Amino acid sequence: MSQNPPVFEVLPRDLSAYRQGNVGIDYVHRFESGKPGPHVLINALTHGNEICGMVAATHLLDTGVRPLIGTLTISFANVAAYESFDPSRPFESRQLVHNLNRVWSAAELDGTTDSPELQRARALRPVVAAADHILDIHSTSQDVQPFWVYPAYPRNAEAALALGRPPVHLVMPSGLGSGTPLIQHGRHGQADGTGVALVVECGQHFLQSAADVATAVAQDFLAHFGLIAPLADRPAPEAQRRYELLETCMVRTADFRFARPVQGFEVFANGELIATDGPHEIRALCDDCTVMMPTREPIVGREAVYLTRPI
């Protein structure tokens, strides 16, 4: 199922100048306003090849953004994976060993398993726990419309709907189903918890448009919570579309195949064949079953596709 390599409009840059943060943790920068207000975390590079987050985070740092109220923290998460980028294998720098966005449970963080990602998550644990509101910036392997991803708590939905862009939402009523993402660490993963925690998927990893979305949404997020002034040139809001995650399908065999080419947002009728995985079939769970995040290169043990339905 190999596909042609992507077009590289944005590539990694040297981040060594950002390594020395100010909280005793590499690549973490915190700025206090000295005035009451929320603590907002903008997190980039949870996956090493999701370059748009790097662009957004470096933009905030390079332009000297400082919070008008509260506290701003900017972090680069999986820099080790980012530094392994090879343009001949651009999707392999997503992670070194573990998916850094699936290990945020107490069981994983307090366990005995070790890897570069687990070491980094353990180092970042107090950074994530300290934040009132979190924006975790991601991108997609396919060139699809940007979208939000968040647990189905009213506090998350209210913020994402108010932010308006991107206008597409993937809502998780029961978590991701394949591990614990950063935005569900600790109180942010509790229905009765406090604080907003959102992922924004900004578009294809290496496109300039994804970097532009990431930068704009990061600024929107900070403005929403009063840390900076709103952008003057925000576009008119678009009609919003929301999807509910029904099932996260994992790749179980080396013989995984989609029934037809998919990039994301394709719609299947109830019972229609979406993919085969060796002897297993993945079929649509309802009418208007919409696939999101279909894998570009099936790897056993990783996600194959998300099955959703329009809300």
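Does R257 fit the bill of being without any contact (Cβ under 8 Å) to a residue 60 or more places away in the chain, under 28 Å from F91 (Cα atoms) and not assigned by TED's automatic domain parsing to the domain that holds C52? It is false that R257 is without any contact (Cβ under 8 Å) to a residue 60 or more places away in the chain, under 28 Å from F91 (Cα atoms) and not assigned by TED's automatic domain parsing to the domain that holds C52. The C-beta contact set for the range 159-182 (first residue at positive phi and outside the structural domain of V251 (by TED's automatic domain parsing), second residue surrounded by 16 or more Cβ atoms within 10 Å (Cβ to Cβ) and outside any loop (DSSP other than H, G, I, E, B), distance under 7 angstrom, 6+ apart or interchain) comprises G175/P151; G175/Q184; G177/T248; G179/V103. Note on the range 117-130: residues that are surrounded by 15 or more Cβ atoms within 10 Å (Cβ to Cβ) and small (G, A, S) total 2. Does E238 count as exposed (fewer than 13 other Cβ atoms within 10 Å of the Cβ), more than 23 Å from P298 (Cβ to Cβ) and either modelled with pLDDT of 95 or more or of a type outside the set (A, V, I, L, M) (or both)? Taking the combined requirement at face value, the residue satisfies it. Selection of the range 225-239 for residues being in contact (Cβ under 8 Å) with a residue 40 or more places away in the chain and either more than 19 Å from F147 (Cβ to Cβ) or within 19 Å of the chain's Cα centre (by Cα) (or both) yields F225, G226, L227, I228, A229.
Within the range 1-30, the set of residues being among the hydroxyl-bearing types (S, T, Y), exposed (fewer than 12 other Cβ atoms within 10 Å of the Cβ) and modelled with pLDDT of 95 or more comprises just one member, S16. State which residue is farthest from R309 (Cα to Cα) when the search covers only the range 241-264 and only residues that are hydrophobic (A, V, I, L, M, F, W, C) and either out of contact with any Phe, Trp or Tyr (no Cβ under 9 Å at 6 or more places or on another chain) or surrounded by fewer than 15 Cβ atoms within 10 Å (Cβ to Cβ) (or both). Checking each candidate, the answer is A254.
Looking only at residues in the range 84-116 that are polar (S, T, N, Q) and closer than 26 Å to P5 by Cα, which one is surrounded by the fewest Cβ atoms within 10 Å (Cβ to Cβ)?
Of the range 84-116, the ones polar (S, T, N, Q) are 84, 88, 93, 95, 99, 101, 105, 112-113, 115.
Now drop any that are not closer than 26 Å to P5 by Cα, which leaves 84, 88, 93, 95, 99, 101.
Numbers: S84: 18, S88: 6, S93: 24, Q95: 22, N99: 18, N101: 26.
Restricting to residues being polar (S, T, N, Q) and closer than 26 Å to P5 by Cα, the top hit is S88.
So, S84, is that one under 21 Å from the mean Cα position of the chain (by Cα), part of a loop (DSSP other than H, G, I, E, B) and among the hydroxyl-bearing types (S, T, Y) or not? When the stated conditions are applied, S84 passes them. The number of residues in the range 19-50 being assigned to a strand (DSSP E or B) and either of a type outside the set (A, V, I, L, M) or without any contact (Cβ under 8 Å) to a residue 12 or more places away in the chain (or both) comes to 6.
Name every residue in the range 87-106 that is part of a loop (DSSP other than H, G, I, E, B), over 30 Å from G37 (Cβ atoms) and under 16 Å from the mean Cα position of the chain (by Cα), in order of residue number. Give the derivation first.
Our first condition is that a residue be part of a loop (DSSP other than H, G, I, E, B); within the range 87-106, this holds for 87-91, 95-102, 104-105.
Filter again for over 30 Å from G37 (Cβ atoms), leaving 87-91, 95-99, 102.
Result: F91, Q95, H98, N99, R102.
The values are calculated or read from the model by the stated rules, or taken from the named source; none is laboratory data. These numbers were taken from a predicted model, which means no experiment stands behind them. All Cβ positions, glycine included, derive from the backbone under ideal geometry; neighbour counts span all protein chains shown.
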